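In what follows, a single structure is set out as structure tokens and then discussed.
The values are calculated or read from the model by the stated rules, or taken from the named source; none is laboratory data. Keep in mind that what you see is a predicted model, and the values were worked out from it rather than measured. Glycine gets a Cβ as well: all are built from the backbone with ideal geometry, and neighbour counts include every protein chain shown.
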Amino acid sequence: MFWIASRWLTARDDEPAHSFYEMDDDRFEVRRVEVYQDGSRRRYTARGLHELEPIEVMPIPSLEEINSQPDFEARTTSAEEFESEWTQGST
């Protein structure tokens, strides 16, 4: 597993400004947290647990690909940071 954090620099109020991804070794999402401008959060999971939203089945682009887009910034993050964001998340 590995984790990335991204920021959408031009996000509108109804779009997530920050996203945190947990991915498997093939870059497929396992879990994701989206944080909106107002601080609200949405959680997504590949397993469809409880009331959480399902994840689309497609690999996440590399950091280089994400950072080549002028509206986005992305970085690697830790399991601990992801878990902190996940536990704050709500549907």
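Suppose the filter is basic (Lys, Arg), at pLDDT 90 or above and assigned to a strand (DSSP E or B); does residue 12 pass it? The answer is no for residue 12.
Is it fair to say residue 43 is closer than 15 Å to residue 86 by Cβ, surrounded by 16 or more Cβ atoms within 10 Å (Cβ to Cβ), modelled with pLDDT under 90 and of a type in the set (D, E, K, R)? Can you show your working first?
On the way: closer than 15 Å to residue 86 by Cβ: yes; surrounded by 16 or more Cβ atoms within 10 Å (Cβ to Cβ): yes; modelled with pLDDT under 90: yes; of a type in the set (D, E, K, R): yes.
Against the criterion (closer than 15 Å to residue 86 by Cβ, surrounded by 16 or more Cβ atoms within 10 Å (Cβ to Cβ), modelled with pLDDT under 90 and of a type in the set (D, E, K, R)), residue 43 qualifies.
Scanning segment 22-43 for residues that are without any contact (Cβ under 8 Å) to a residue 40 or more places away in the chain and either touching a His at 6+ places or on another chain (Cβ under 8 Å) or not in a loop (DSSP other than H, G, I, E, B) (or both) returns 23, 28, 29, 30, 32, 34, 36. Evaluating residue 87 against the criteria (1) exposed (fewer than 11 other Cβ atoms within 10 Å of the Cβ); (2) part of a loop (DSSP other than H, G, I, E, B); (3) modelled with pLDDT under 95 leaves one unmet condition, (2).
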